[in-house]
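Trainee: Sharing a structure below in structure tokens format, with a few things to ask.
The values are calculated or read from the model by the stated rules, or taken from the named source; none is laboratory data. Just so you know, these numbers come straight off a predicted model, no measurement behind them. No Cβ is skipped: glycine too gets one built from the backbone with ideal geometry, and neighbour counts run over all protein chains shown.
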Amino acid sequence: MSLSRCLPLGQNARVIIIPARLAHAASTQAAAATDDAPNFFQKLAHRFQGVPLKGEAHAPKSMFEDCNKEWSAPEPLPAIPKDFKEHPDRDLVNYPYPARPMYPPKSRLLMMPDSWFTPFQKVTGVSGPYLFFGGLFAFLVNKELWVFEEQGHMTVGWILFYLLVTRTAGYKIDQGLYNGYQERVNFFKGLIQEDLKEAVEFKKTSAKQTESLNSIKESYPTALKESMALQLEATYRKNVQSVATELKRRIDYLKETEESKARVEREQLLKLINSEVDKEFSDRSFKDKYLQNAIQQLKGLNVQL
Amino acid sequence: MSGAAKRVATSSVNWSKLAERLVPEHAAELTRVKGVSGTFQSAVSQLPADLPKIDFAALKKALPAHSAVLDSLQKQYESVKIPYGEVPAEYLKEVDQWVDYNNARIKLHEVKVADGLQEAKKVEEKWAKAPPVEHFDRQHFVEYFPAHFYDLRYQNRIPDPCNIGLNETPEIENRFKDYKVLRRADKVDDH
């Protein structure tokens, strides 16, 4: 309604209103339609948002991945045992062992330790210590007890540089230092294990040798005596075999004697029978008598060839 | 047949189980003992244990002509007495001597083990009393790793940060024992 004053609406005026919602919806649909094939600008947007493009396993890693990250150790240092004493007379209550802290103590404004602030805090609250040290500083500057030199303003630049380095490369520096420290500690632990290894291996070896000697003590006297007894048994059995062999030889001799006798008798009898049969064959009357009978029998067969 | 008091036909020692429990230097001994015993064991297993029984009645029926000879053989065979014998006493005495040697060996081993365990206990106590490596102070490194660190506050040695071996020879110490500059042993001071 407020715009109607500027428009010269008259008889011949034509006004066409395009609803913005329709255009917005159209552009939204267009964007949705091109999600599978992002254009150049959409690719840039995906890169900055860390969305992996099509065909990528994961988003590419940037050199600024570790910027503005605060490093912390994956696991803290092992604690000192509670009952650890370097010497039996050590007073652990008033003089505990100076264990190495994992992180530096808390500080304020990058330069003032937190322990300076805590005594004031319960009286004046959080701002009290700041006002105290600020006022002290102002007093020293005002009375020219703290005099700035002309180069002092460069400290601000160094502070900014320090912040820049710690916010960008601080994470990687801390990580590298921690890994180096772990390697160094593992080197010393390796030396300790190497020193203990001899003791452990000696215990194992001596235990094995003790067991071995005990086994020998149990078994060897029995084994040696049994070896001698087995030798005796072997000799006895050898003698038994000799006797059995001799007896077998004699019995076999007797059997062979009988067999030889029977064989000779059989041979003599066969020889006699053969000689008599041959003698009969040679006689002419025997030949004629039996030959005629044979011829007649053959004729009687009436064989037709 | 035999009048032996007791006969040993097999060894009662479990060789395989015994071999598992021995250390390599004792396994060589076992090989020799086992070899000897194995030789006789195989001989014993191959030979007959007793005289075979012969059926002389059947033989007589089969061989009537040799009845007298068979009678004689039977009589001889039944009267055979194969002597078994016994292990000589001096051999058993040798086994006893070996047992004494073995006992002495075991005693020596136990003494050595006791000494070794004492040394091992020292080492273990040393490292048990040490603080964790992560919390070592500077004097602990010198105390526990003397091969890698030194402390010039009480050790008489020259700093050698580049490890060129300044402390390995006494030349430097002899050279600078006299505070005078460029002093040599062979220099004649006759001015």
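Trainee: Go through the stretch A:195-242 residue by residue and tally those that are modelled with pLDDT under 85 and more than 7 Å from every other protein chain (Cβ to nearest Cβ).
Mentor: 5
Trainee: Taking the options A:P104, A:P76, A:P96, name whichever one is within 24 Å of A:E183 (Cβ to Cβ), surrounded by 10 or more Cβ atoms within 10 Å (Cβ to Cβ) and not hydrophobic (A, V, I, L, M, F, W, C).
Mentor: On the way: A:P104 fails: surrounded by 10 or more Cβ atoms within 10 Å (Cβ to Cβ); A:P96 fails: within 24 Å of A:E183 (Cβ to Cβ).
Every option except A:P76 fails the conditions.
Trainee: Name the pairs: first residue in the stretch B:151-165 and assigned to a loop (DSSP other than H, G, I, E, B), second residue surrounded by 10 or more Cβ atoms within 10 Å (Cβ to Cβ) and hydroxyl-bearing (S, T, Y), Cβ to Cβ under 8 Å, at least 6 apart or on different chains?
Mentor: B:R157/B:Y150
Trainee: Looking at the structure I just gave you, is A:K106 in contact with a strand residue (DSSP E or B) (Cβ under 9 Å, 6 or more places away or on another chain) and at pLDDT below 85? Lay out the reasoning, then the answer.
Mentor: Values: in contact with a strand residue (DSSP E or B) (Cβ under 9 Å, 6 or more places away or on another chain): yes; at pLDDT below 85: yes.
Yes.
Trainee: List the number of the failed condition for B:Q76; all other conditions in (1) in contact (Cβ under 8 Å) with a residue 60 or more places away in the chain; (2) within 30 Å of A:E258 (Cβ to Cβ) hold.
Mentor: Evaluating B:Q76 over (1) in contact (Cβ under 8 Å) with a residue 60 or more places away in the chain; (2) within 30 Å of A:E258 (Cβ to Cβ) leaves (1) as the failure.
Trainee: Same structure again: Cβ-Cβ under 6 Å, sequence separation 6+ or interchain: first residue in the stretch A:191-220 and closer than 17 Å to B:L30 by Cβ, partner among the aliphatic types (A, V, I, L, M). Which pairs?
Mentor: Short answer, once both residue conditions are applied: A:K208/B:V23; A:Q209/B:V23; A:S212/B:L22; A:S212/B:V23; A:L213/B:I106; A:S215/B:L18; A:S219/B:V13; A:S219/B:L18.
Trainee: Next up: For the stretch A:156-215, give me each residue that is over 25 Å from the mean Cα position of the chain (by Cα), among the aliphatic types (A, V, I, L, M) and under 30 Å from A:D66 (Cα atoms).
Mentor: A:V156, A:I159, A:L160, A:L163, A:L164, A:V165, A:A169, A:I173, A:L177
Trainee: Listed residues A:F64, A:F117, A:F41; which is farther than 30 Å from A:V156 by Cβ and modelled with pLDDT of 80 or more?
Mentor: Values: A:F64 fails: farther than 30 Å from A:V156 by Cβ; A:F117 fails: farther than 30 Å from A:V156 by Cβ.
Only one candidate qualifies: A:F41.
Trainee: Among the numbered criteria (1) within 7 Å of chain A (Cβ to nearest Cβ); (2) of a type in the set (A, V, I, L, M, F, W, C); (3) farther than 30 Å from A:S212 by Cβ; (4) touching a Phe, Trp or Tyr at 6+ places or on another chain (Cβ under 7 Å), which one does B:A120 miss?
Mentor: (3)
Trainee: Any idea which of B:K75, B:K107, B:K81 is farther than 18 Å from A:L224 by Cα, more than 9 Å from chain A (Cβ to nearest Cβ) and part of a loop (DSSP other than H, G, I, E, B)? First the steps, then the outcome.
Mentor: Numbers: B:K75 fails: part of a loop (DSSP other than H, G, I, E, B); B:K107 fails: part of a loop (DSSP other than H, G, I, E, B).
Answer to the selection: B:K81.
Trainee: Would you mention how many residues in the stretch B:130-150 are surrounded by 10 or more Cβ atoms within 10 Å (Cβ to Cβ), in a helix (DSSP H, G or I) and more than 10 Å from every other protein chain (Cβ to nearest Cβ)? Reasoning before the result, please.
Mentor: Keep residues of the stretch B:130-150 that are surrounded by 10 or more Cβ atoms within 10 Å (Cβ to Cβ), which gives B:130-137, B:139-146, B:148-150.
With the extra rule that they be in a helix (DSSP H, G or I), the set shrinks to B:133-135, B:139-144.
Still in the running and more than 10 Å from every other protein chain (Cβ to nearest Cβ): B:139, B:142-143.
Looking only at that region, the number is 3.
Trainee: Given B:V23, B:V44, which one is more than 22 Å from A:V240 (Cβ to Cβ) and within 8 Å of another protein chain (Cβ to nearest Cβ)?
Mentor: Numbers: B:V44 fails: more than 22 Å from A:V240 (Cβ to Cβ).
B:V23 is the lone residue from the list that is more than 22 Å from A:V240 (Cβ to Cβ) and within 8 Å of another protein chain (Cβ to nearest Cβ).
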